[in-house]
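Let me begin by presenting the structure, written as structure tokens, before commenting on it.
The values are calculated or read from the model by the stated rules, or taken from the named source; none is laboratory data. None of the values given here were measured: they were computed from a predicted structure. Don't worry about glycine lacking a Cβ; one is built from the backbone with ideal geometry, like all the others, and counts go over all protein chains shown.
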């Protein structure tokens with residue numbers, strides 16, 4: 001893990017999903033033991049992060065969907081606590097390959113590929129924004145119980161604005177752009 005966090009963290013979560021004929025609803029929450037080890041406010045021997053994510057999509061013809069959502073997270077350390085929320089817009093596409101009657105044909109296969117754009121939201125101090133790509137195998141539209149999900153975020157950020165009244169400092173901090181990313185791999189079970 002980058003961004004001043006410890007190298008590793010345990011993550012746990014649960015969610016609720018509806019895949020109806022005309023809409024998709026996805027709500028989830030998670031907790032991780034990630035703590036800050038390099039944030040100019042040390043020592044921080046304890047810490048965690050928790051978050052909630054909710055999205056609603058409208059299903060279009062040909063297995064496409066478009067929609068919007070919101071993401072909330074809170075970082076809690078020994079010395080401080082901060083939270084932020086960010087709206088998202090995006091869509092997804094389901095792909096299905098059905099069993100065929102020919103020799104050497106594979107079984108049924110499906111996947112869902114989704115791309116959401118995470119907007120700045122309340123965390124304007126560092127301008128975090130960028131695409132969030134999610135890949136499910138099989139597609140959640142399939143009547144299965146076990147799913148593999150990969151999520152990759154690629155965010156553009158700038159240094160946190162520390163004093164809006166100091167125009168020179170604000171300009172310097174906002175001109176210091178860089179890219180950050182993460183990858184999350186999840187094995188899911190649906191009841």
- Query: Out of 29, 4, 12, which single residue is closer than 27 Å to residue 78 by Cβ, touching a strand residue (DSSP E or B) at 6+ places or on another chain (Cβ under 6 Å) and modelled with pLDDT under 70?
  - Reply: 4
- Task: Name every residue in region 157-183 that is surrounded by 14 or more Cβ atoms within 10 Å (Cβ to Cβ) and either touching a strand residue (DSSP E or B) at 6+ places or on another chain (Cβ under 7 Å) or not in a loop (DSSP other than H, G, I, E, B) (or both), in order of residue number.
- Result: 157, 158, 169, 170, 173, 174, 180
- Which one of these is under 24 Å from residue 144 (Cβ atoms) and either in a strand (DSSP E or B) or modelled with pLDDT of 80 or more (or both): 53, 70? 53
- Item | Residue, modelled with the highest pLDDT, within region 32-50, restricted to residues that are out of contact with any strand residue (DSSP E or B) (no Cβ under 6 Å at 6 or more places or on another chain) and farther than 21 Å from residue 121 by Cβ | 46
- Task: Kindly indicate the residue of region 76-92 that is surrounded by 15 or more Cβ atoms within 10 Å (Cβ to Cβ) and at pLDDT 90 or above and also farthest from residue 113 (Cα to Cα) among those meeting that condition.
- Result: 86
- Task: Any residue in region 123-135 that's on the phi > 0 side of the Ramachandran plot and surrounded by fewer than 19 Cβ atoms within 10 Å (Cβ to Cβ): show its pairings with residues that are at pLDDT 70 or above and not in a strand (DSSP E or B) at Cβ separation under 7 Å, as long as the two are six or more apart or on different chains.
- Result: 127/120
